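Undergrad: Have a look at this one before I ask anything.
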Amino acid sequence: MSKHFITALLFILFSFANAQEKKNILFIAVDDLKPLLSNYGNKQIKTPNFDRLAAMGATFTNAHANQAVCGPSRASILTGTCPDMTQVWDLHTDFRISNPELVSMPEYLITQGYETTAIGKLYHKGSTSPGHDSKSWSVPHAQPEGNDPKLGKPAFEYYHNPSTKAEFAKLEAELTASGKNKGNNRNALLKKLKPSNESADVSDEGYQDGMYALEAVKMLGTLSKGSKPFFLGVGFQRPHLPFVAPKKYWDLYDRKDIQIDPQQTKGSNIPEIAYHTYGELKAYTDIPDDIQLGETLPVEKQKELVHGYMACVSYVDAQLGKLLDAYFKLGLDKNTIIVLWGDHGFHLGDHTIWCKHSNFEQATR
């Protein structure tokens, strides 16, 4: 997202905040969301609620991240400053420590008489102070876990597939038998089994984003009855890897119709430092970990991953629809601004790259 866009966004929001009738703000973040949306002209993706929101306001068609990395981008958006000001360039630095003088947008709004709170991922979780940056919220931030009525909670927040859960149980038993079971085996188990996607026949609430939408709708009802204007942040985690979404969203697409990106080689006259071998994706155990710079994944695996990304985008679109339904049902369309943004783009095999962490437009836009 460009510096000029951030400045304009903050100016608009703060102008409303300082007006005689202060507007509520519904601030929706979508992780790893590139403009692969029907309101951006994509003919294959099914995102009717993004269309619905776009018809209500303005769509920014050339907004770019300051840095195509989650931590820096989110710190920038929420403080209105660039990474060289926040001093957040990675996934570990907390801007409250690197630059204590900065004030976040919701923190500022508290001083203007706002109630502020958030559900889900607004900041990068690994680079914030306790409470998901507690200074930002007058009502504590919430991050509920997915919980399907029949299947319960997913393994490690991600996996409902019975065979996957059974394999995790087997691996944990092996750790116990070896004497290496230390009580918190998440990292050890995910190094052995970590599928890059899942299509399970579960409810929307079976994964976190469905629970985020459910709790956000409840919070909208509560905040709308309060005496203060409010800022509600809602941060959806998909389409971030792993590409896990209820089966009905996978079923929206026929994989044989999915096209891989035509740019399957490195470009000419581009320095090698511009490329990477997508370590984020290779952390998943169904992806070869010996990929070299410029090598591509097999076509069928590429189609599977693109299918998963699209399913996750449609899953988030459905959650957005629930928020919009509540927005109108509660009469919030009369006094509430909606801002929806992605923290950066995402490579889907173009230029031989996956994920983000590059300066190509696919990652920054």
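Undergrad: With +1 on each Lys and Arg Cβ and -1 on each Asp and Glu Cβ, how big is the dipole of the chain about its Cα centre, in debye rounded to the nearest 20?
TA: The calculation lands at about 620 debye.
Undergrad: Moving on to the next point. Applying 1/(1 + (r/R0)^6) with R0 = 22 Å to the Cβ-Cβ distance of LYS282 and GLU172, what FRET efficiency is obtained, to the nearest 0.05?
TA: The formula returns an efficiency of 0.40 here.
Undergrad: So, one more: In segment 305-346, which residues have a backbone nitrogen under 12 Å from the label point lying 7 Å from ARG52's Cα in the Cα-to-Cβ direction?
TA: 317-329, by backbone N distance to the label point.
Undergrad: What is the percent carbon and sulfur in the accessible area of the chain, measuring with a 1.4 Å probe over the protein chains and ignoring ligands?
TA: Solvent-exposed carbon and sulfur of the chain make up 53 percent of the total.
Undergrad: Given the pairs LYS46/LYS150; LYS135/LYS180; LYS22/LYS150; LYS170/LYS247; LYS34/LYS192; LYS46/LYS170, which span a C-alpha to C-alpha distance of over 32 angstrom in this model?
TA: Over 32 Å Cα-Cα: LYS135/LYS180; LYS22/LYS150; LYS46/LYS170.
Undergrad: Still on this structure, please answer the following. Would you mind telling me the antiparallel percentage of the DSSP bridges in the chain, rounded to 5?
TA: If we restrict to bridges inside the chain, about 15 percent are antiparallel.
Undergrad: Could I ask something else about it? Would you be so kind as to identify which of LEU193, ALA142, GLN67 lies farthest towards the positive end of the dipole of the chain, taking Lys and Arg as +1 and Asp and Glu as -1 on Cβ and the Cα centre as origin?
TA: Result: ALA142, furthest along the dipole toward the positive end.
Undergrad: So which GluC sites (Glu not before Pro) in segment 133-234 are both in a DSSP loop and have at most 12 other Cβ atoms within 10 Å of their Cβ?
TA: Taking segment 133-234 and a limit of 12 other Cβ atoms within 10 Å, the loop GluC sites (Glu not before Pro) found are GLU145.
Undergrad: Using 7 Å Cα-to-Cβ label points, what is the GLN292/ALA188 separation (nm, one decimal)?
TA: For the pair GLN292/ALA188, the computed spacing is 3.5 nm.
Undergrad: Averaged per residue, what accessible surface does the chain expose to a 1.4 Å probe, in Å²?
TA: 45
Undergrad: At what distance in angstrom do the alpha carbon centres of segment 187-223 and segment 22-72 lie from each other?
TA: Result: 20 Å between the Cα centres.
Undergrad: Got the relative contact order for the chain handy, in percent, Cα pairs under 8 Å and 6 or more residues apart?
TA: Working: 657 pairs, mean separation 98.7, N = 365.
Dividing the mean separation by the residue count of the chain yields 27 percent.
Undergrad: So between PHE60 and GLN112, what do we pick up on full extension, going 0.36 nm a residue minus the alpha carbon distance?
TA: 16.0 nm
Undergrad: Check which residues have an amide H placed less than 5 Å from GLY120's amide H, if you skip close sequence neighbours.
TA: The list, which skips near neighbours in sequence, is ALA142, GLN143, GLY235.
Undergrad: At 222 nm, what helix-only mean residue ellipticity would the chain give, in deg cm²/dmol to the nearest 500, using -39500 (n - 2.57) for each DSSP H run of four or more?
TA: -11000 deg cm²/dmol
Undergrad: How many Å³ per residue does the convex hull of the Cα positions in the chain occupy?
TA: Working: hull volume 54.5 nm³, N = 365.
Convex hull volume per residue, Cα atoms: 149 Å³.
Undergrad: How large are Rg and Dmax for segment 207-365 when only the alpha carbon atoms are used, in Å?
TA: For segment 207-365, the Cα-based Rg and Dmax read 19.1, 60 Å.
Undergrad: How are the C-alpha pair distances of segment 129-240 spread across 10 Å bins, as whole percents from the shortest bin up?
TA: Calculated over all Cα pairs of segment 129-240, the distribution is 12, 33, 29, 18, 7, 1 percent.
The values are calculated or read from the model by the stated rules, or taken from the named source; none is laboratory data. The structure displayed is predicted, hence computed values, not measured ones. Every residue, glycine among them, receives a Cβ derived from its backbone with ideal geometry; neighbour counts consider all protein chains shown. Ligands, DNA and RNA are excluded from the accessible area calculation, which covers all protein heavy atoms including side chains. Shrake-Rupley method; radii C 1.70, N 1.55, O 1.52, S 1.80 Å.
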